[in-house]
Amino acid sequence: MDATVWLPVLVLGLPFASFVLLAVVAPLRRAGRAAGAVSIAAIAAAFLGAVLVWSVGFTREATWTWIPADDGPTATVGVLVDPLANAMLVLVTLVSLLVQIYSLAYLHDERPPSLGRYYTFQSLFAFSMLGLVLSPSFIQMFVFWELVGLCSYLLIGYWYARPTAARAAVKAFWITKLGDLGFVIGIVMLWAATDTFEFRVLFALAQEHALAIEGLGTIMFLIYLGAVGKSAQFPLHVWLPDAMEGPTPVSALIHAATMVTAGVFMVTRAQPLFALVPDVLALIGWVGAFTALLAATMACVESDIKRVLAYSTVSQLGYMMAAAGAGAPDAGFLHLLTHGLFKALLFLGAGAVIHAVGTNDIFRMGGLFRAMPQTGVVFIVGTLALAGFPPLAGFFSKEAILAGVWEADMTGPFLMLALTVLLTAFYMFRVVFLTFFGRAPAAGHPHDPSWTMRAPLWVLAALTVLVGLRLALGDVGAHHGPGWLAPLSVAAALGGIALAWATYQRGVVDPGGLAATFPFSVVDLLARRRYGLDTLYAGLYRGFLLSFSRLIGWIDRYLVDGVLNFLSAWTLRGGDLLRHIQSGHAQDYVYGVAFGVLLLFVWSQWWPR
């Protein structure tokens with residue numbers, strides 16, 4: 001096995017070894033910080049391996065038989081190493097490493113066994129996400145896809161004693177499973193039509209125009225549903241804001257940079273197949289753009305700093321999906337990478353603020369820049385990148401998406417994404433002005449966190465700037481767009497910043513009065529109520545699922561159990577009645593036998609032959 005195979009396998013195996021060690025060796029897991037040291041060491045080594053794989057530019061596929069069959073293996077396992085996987089390996093291991101280091105200080109008050117459990121889950125998640133990235137087939141991807149979902153459930157519900165956290169974990173699990181159901185059905189249908197799960201074979205068939213199978217559009221739509229659930233696309237986006245009940249480092253890792261991008265990664269990986277079904281691609285583009293705009297409006301009225309970032313994540317995932325639907329998957333994947341850096345930065349920065357002031361409410365913060373200057377600086381860097389301000393990383397990836405959508409003649413999605421640029425700058429600088437420059441007194445005794453928490457913030461901020469400069473000096477792909485696009489985007493971002501400054505810093509615009517003005521009043525009302533989607537799902541759950549379960553319960557209790565109870569009761573009653581014929585006298589039994597023989601004789605004579 002050469003280095004192109006064993007090194008990626010090592011990157012995958014190190015977090016798994018850490019998970020097994022912490023899961024099996026109970027004293028080590030219960031030690032807390034020692035468990036953290038093991039997990040951090042494993043992911044640090046995996047990060048170094050990922051950097052080496054990426055820098056050398058390994059490209060290789062290696063598979064081994066998993067499910068054998070007479071005419072060849074039904075399924076295989078292995079690794080697929082290419083530029084797409086290499087970049088994701090670096091992103092996943094880097095963010096995982098920084099989050100795990102940050103968590104040592106953020107969760108320092110946790111009991112050692114609880115902290116050990118946290119790092120055990122972290123190691124399992126890193127292994128699961130890396131396995132998903134390296135998968136050479138749909139079947140292996142689905143296995144790791146489900147493992148990633150399990151880890152999300154475990155980490156969202158880390159504080160399971162809190163009812164809100166437990167409910168959020170269950171909600172995330174089941175809503176994503178709705179999409180996963182479509183995903184697995186689509187995979188099985190594709191295998192039934194092609195007799196393979198392998199990406200290499202499927203892509204070769206697509207390139208040779210030999211994949212003109214009946215119902216391909218339906219198959220790819222079902223596979224896309226998996227991405228709808230995992231990457232929080234409308235209408236299955238409702239789980240992601242509630243997932244903020246987990247620890248903030250979990251939000252930075254799973255719900256900003258890695259797990260939620262799995263759907264985008266899958267659509268990008270399977271782009272040769274989606275390219276065969278233009279109608280499904282168009283649907284992906286429209287749903288992505290609508291999701292981006294819808295989530296941005298909800299972020300504008302949210303007061304919880306983590307939920308603002310959660311809606312922002314949903315919005316940016318919509319950008320990535322819109323790019324994939326427009327036939328510009330390279331632009332969407334570039335935004336996936338840049339967004340992973342600055343959104344992890346923003347979540348960890350929000351965690352530092354929450355850790356200092358003890359509240360998530362941005363209206364109970366204020367004036368924190370003086371007390372927390374380093375946190376303020378890095379948070380503003382992340383905000384500018386998210387708003388698409390040059391020359392930071394987010395500007396170039398967002399421009400590539402807008403250009404790709406425009407070149408695809410998708411005018412409606414382009415207008416929705418362009419409006420989202422303005423709203424993104426507005427809601428993010430709304431957070432900045434209220435949190436760091438507001439006049440309201442801050443709660444508690446705010447101060448910059450320890451270096452264990454600050455160092456990851458500065459690393460991510462530096463990477464956000466350096467990647468932006470590298471993109472400014474290089475070629476951002478084939479999608480440059482018309483000359484007016486960049487000025488329009490920058491003007492929209494500046495307009496959003498100016499509106500946030502006038503509203504929440506200078507007080508020139510009254511937010512209450514603006515929200516009461518038609519048509520803003522309608523949008524404000526609907527956005528604050530999450531457009532009724534949570535209520536709708538709750539109503540469907542109570543009105544349909546619970547009613548159906550009550551019906552099944554009634555059938556089980558009164559029909560199934562009722563019939564069985566009736567038969568058993570009458571069996572017992574019949575036994576009680578027949579017991580009386582047992583007199584204990586031999587002559588009575590002889591009479592009975594004789595009478596029975598007589599009956600059999602008569603029956604045999606009279607029964608028609």
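Quick look at the numbers
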item	result
Gly512, sole failed condition from (1) surrounded by 13 or more Cβ atoms within 10 Å (Cβ to Cβ); (2) assigned to a helix (DSSP H, G or I)	(1)
Yes/no for Glu198 being free of Cβ contacts under 8 Å to residues at least 60 places away in the same chain and either over 28 Å from Leu309 (Cβ atoms) or surrounded by fewer than 19 Cβ atoms within 10 Å (Cβ to Cβ) (or both)	no
Conditions (1) at pLDDT below 95; (2) at negative phi: number failed by His209	(2)
Residue in the range 99-120 that is within 15 Å of the chain's Cα centre (by Cα) and more than 30 Å from Ala538 (Cα to Cα) present	no
Options Leu190, Leu115; residue that is crowded, with 23+ Cβ neighbours inside 10 Å and over 27 Å from Leu225 (Cβ atoms)	Leu115
Subset tally (residues that are over 27 Å from Ile284 (Cα atoms) and in a helix (DSSP H, G or I)) for the range 384-425	1
From Phe144, Phe127, residue being part of a helix (DSSP H, G or I), open to solvent by 10 Å² or more (accessible area, probe 1.4 Å), under 27 Å from Arg33 (Cβ atoms) and at pLDDT 95 or above	Phe127
Sole residue being farther than 22 Å from Glu302 by Cβ, open to solvent by 70 Å² or more (accessible area, probe 1.4 Å), modelled with pLDDT under 80 and aromatic (Phe, Trp, Tyr), chosen from Tyr558, Tyr591	Tyr591
Boolean, His237 is buried (at least 18 other Cβ atoms within 10 Å of the Cβ) and either under 21 Å from Leu130 (Cβ atoms) or among the β-branched types (Val, Ile, Thr) (or both)	no
Yes/no for Thr503 being under 29 Å from the mean Cα position of the chain (by Cα), modelled with pLDDT of 80 or more and in a helix (DSSP H, G or I)	no
Residue in the range 107-114 that is among the aliphatic types (A, V, I, L, M), assigned to a helix (DSSP H, G or I) and in contact with a helix residue (DSSP H, G or I) (Cβ under 8 Å, 6 or more places away or on another chain) present	no
Breaking point among (1) of a type in the set (Phe, Trp, Tyr); (2) farther than 28 Å from Trp54 by Cα; (3) open to solvent by 10 Å² or more (accessible area, probe 1.4 Å), for Phe379	(3)
Residue match in the range 40-51 (condition: open to solvent by 10 Å² or more (accessible area, probe 1.4 Å) and among the aromatic types (Phe, Trp, Tyr))	yes
From the options Phe566, Phe518, Phe544, residue that is within 30 Å of Trp174 (Cα to Cα), modelled with pLDDT under 85, of a type in the set (A, V, I, L, M, F, W, C) and open to solvent by 100 Å² or more (accessible area, probe 1.4 Å)	Phe544
Unmet criterion (only one of (1) open to solvent by less than 30 Å² (accessible area, probe 1.4 Å); (2) aliphatic (A, V, I, L, M); (3) not in a helix (DSSP H, G or I)) for Ala252	(3)
Some residue of the range 306-324 being of a type outside the set (Val, Ile, Thr) and more than 25 Å from Phe234 (Cβ to Cβ)	no
All positions within the range 472-485 that are among the hydrophobic types (A, V, I, L, M, F, W, C) and at pLDDT below 90	Ala472, Leu473, Val476, Ala478
Hits in the range 14-32 (condition: among the small types (Gly, Ala, Ser), assigned to a helix (DSSP H, G or I) and either touching a residue at least 40 places away in the same chain (Cβ under 8 Å) or touching an Asp or Glu at 6+ places or on another chain (Cβ under 7 Å) (or both))	Ser18, Ala23
Residue within the range 531-553 that is under 30 Å from Ala393 (Cα atoms), within 35 Å of the chain's Cα centre (by Cα), assigned to a helix (DSSP H, G or I) and in contact (Cβ under 8 Å) with a residue 24 or more places away in the chain present	no
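The values are calculated or read from the model by the stated rules, or taken from the named source; none is laboratory data. Note that the structure is predicted; figures quoted are calculated from it, not measured. Ideal geometry is used to build each Cβ from the backbone, glycine not excepted, and the neighbour counts take in all protein chains shown. What goes into the accessible areas is simple: the full protein's heavy atoms, side chains included, and nothing from ligands, DNA or RNA. Shrake-Rupley method; radii C 1.70, N 1.55, O 1.52, S 1.80 Å.
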